[in-house]
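The values are calculated or read from the model by the stated rules, or taken from the named source; none is laboratory data. Since this is a predicted model, take the numbers as computed values, not measurements. As a convention, Cβ positions derive from the backbone with ideal geometry for all residues, glycine included, and neighbour counts pool all protein chains shown. Surface areas here come from the heavy atoms of the whole protein model, side chains and all, with no ligands, DNA or RNA. Shrake-Rupley method; radii C 1.70, N 1.55, O 1.52, S 1.80 Å.
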Amino acid sequence: MSTPTGPRIPRHLAVIMDGNGRWAQQRRRPRVIGHRAGTRAVNQCIDFCIEQGIEALTLFAFSSENWGRPQDEVGALMKLFMNALDREVAELDRRGVRIRFIGERGRFNEQIRQRMDAAERLTQGNSRLNLAIAASYGGRQDIAAAARGLAEDVAAGRLQPAEIDERLFASRVALADLPPPDLFIRTGGDFRISNFLLWQLAYTELWFTETLWPDLDAATLRCALEDYASRERRFGLTGAQRPDSDASGAAFPPDETSA
Ligand code: IPE
Ligand code: IPE
Ligand code: MG
């Protein structure tokens, strides 16, 4: 349902799952224990979205820059990722979750790539929740790849430079078929985007919490949703231009491309 400031429940939630390492360090355990604990929170977050009727959830699991972490941590994360793919995909499919991965898939090993492909194929007909896992993902890389694709089209004579506008560009970045994220949540207490969905977050409402990712619970997520519901999204217009206002006449939101 549309309300003056947009739907009260976000259609698309984007999450930076941060704080696993610190969660483990607080317990004097190796960082990998925090990553393992973090997988439970992933399930919590997915359950919450399904219960709330959120249409799309994008989770930042591993950034382009995270490849630069110590080898043993990267190795442990890859193992966890493999295990999660083996363990969780069938159940997510049963629950009607469509799974996709965004990011540079070529950087993963063959076994992981095969499991990613298989998960996408298995769940492609599902529509209850659109789950995107950003893995080996970087917002700058995403934008550069879109630019490269457009340049290739121009070089091949399929496209005129003058045809390149925001709408066309938006169709070439990741998640082009989804509405842009309405709400962004970052756990772990840092106030930054860390190269997540740079293009897609242009008008997203941002919400930050000190809660470390493995400690995430439904109460924290409810807090974020309550805060979101209280915000006035103006998309660069004035409050008076909102659709419930007498003065309204503007398209709203102005040019948020939503499929
Ligand atoms: C997020 O937790 C998970 C990944 C980046 C893979 P971190 O590992 O970044 O945890 P902190 O920020 O060091 O506590
Ligand atoms: C962002 O967290 C990436 C993921 C959660 C996957 P980081 O821990 O890598 O970000 P920085 O280094 O604190 O900016
Ligand atoms: Mg971190």
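For N126, the criteria (1) part of a loop (DSSP other than H, G, I, E, B); (2) open to solvent by less than 50 Å² (accessible area, probe 1.4 Å); (3) touching a residue at least 40 places away in the same chain (Cβ under 8 Å) hold in every case but one, which is (3). Please determine whether any residue of segment 53-62 is farther than 19 Å from A218 by Cα, at pLDDT 95 or above and away from ligand 2 (no atom under 16 Å from the Cβ). Within segment 53-62, not a single residue is farther than 19 Å from A218 by Cα, at pLDDT 95 or above and away from ligand 2 (no atom under 16 Å from the Cβ).
Considering only residues in segment 18-59 that are open to solvent by less than 10 Å² (accessible area, probe 1.4 Å) and of a type in the set (G, A, S), the one that is farthest from ligand 1 (Cβ to nearest atom) turns out to be A56. Right, F208: within 16 Å of ligand 3 (Cβ to nearest atom) and either open to solvent by 30 Å² or more (accessible area, probe 1.4 Å) or acidic (D, E) (or both) or not? In short, yes.
This table checks each residue for (1) open to solvent by 50 Å² or more (accessible area, probe 1.4 Å); (2) within 14 Å of ligand 3 (Cβ to nearest atom); (3) of a type in the set (D, E); (4) not in a helix (DSSP H, G or I).
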site: D177; (1), (2), (3), (4): yes, no, yes, yes
site: F184; (1), (2), (3), (4): no, no, no, yes
site: G189; (1), (2), (3), (4): no, yes, no, yes
site: R192; (1), (2), (3), (4): yes, yes, no, yes
site: F196; (1), (2), (3), (4): no, yes, no, yes
site: L201; (1), (2), (3), (4): no, no, no, yes
site: A224; (1), (2), (3), (4): no, no, no, no
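All of (1) assigned to a helix (DSSP H, G or I); (2) in contact with a helix residue (DSSP H, G or I) (Cβ under 7 Å, 6 or more places away or on another chain); (3) open to solvent by less than 40 Å² (accessible area, probe 1.4 Å) hold for D93 with one exception: (3).
Give all pairs with beta carbons closer than 7 Å in which a residue from segment 81-102 that is without any contact (Cβ under 8 Å) to a residue 40 or more places away in the chain meets a residue that is polar (S, T, N, Q) and in a helix (DSSP H, G or I); count only pairs at least 6 apart in sequence or on separate chains. Qualifying pairs under 7 Å: M82/Q111; D93/T123; R98/T123; I99/T123. Selection of segment 100-123 for residues being closer than 17 Å to A84 by Cα and exposed (fewer than 15 other Cβ atoms within 10 Å of the Cβ) yields R105, N109, E110, Q111, R113, Q114, D117, A118, E120, R121.
Listed by first and then second residue, the pairs with beta-carbon distance under 8 Å, at least 6 apart or on different chains, first residue in segment 175-192 and on the phi > 0 side of the Ramachandran plot, second open to solvent by 10 Å² or more (accessible area, probe 1.4 Å) and aromatic (F, W, Y), are G189/F208.
Which residues, taken from segment 60-79, are surrounded by 17 or more Cβ atoms within 10 Å (Cβ to Cβ) and either within 23 Å of L178 (Cα to Cα) or more than 18 Å from the chain's Cα centre (by Cα) (or both)?
At the first step, the residues of segment 60-79 found to be surrounded by 17 or more Cβ atoms within 10 Å (Cβ to Cβ) are 60-64, 66, 76-77.
Answer for segment 60-79, where residues must be surrounded by 17 or more Cβ atoms within 10 Å (Cβ to Cβ) and either within 23 Å of L178 (Cα to Cα) or more than 18 Å from the chain's Cα centre (by Cα) (or both): F60, A61, F62, S63, S64, A76, L77.
Looking across R31, R36, R22, one residue alone is free of Cβ contacts under 8 Å to residues at least 60 places away in the same chain, more than 19 Å from R94 (Cα to Cα) and within 11 Å of ligand 3 (Cβ to nearest atom). It is R31.
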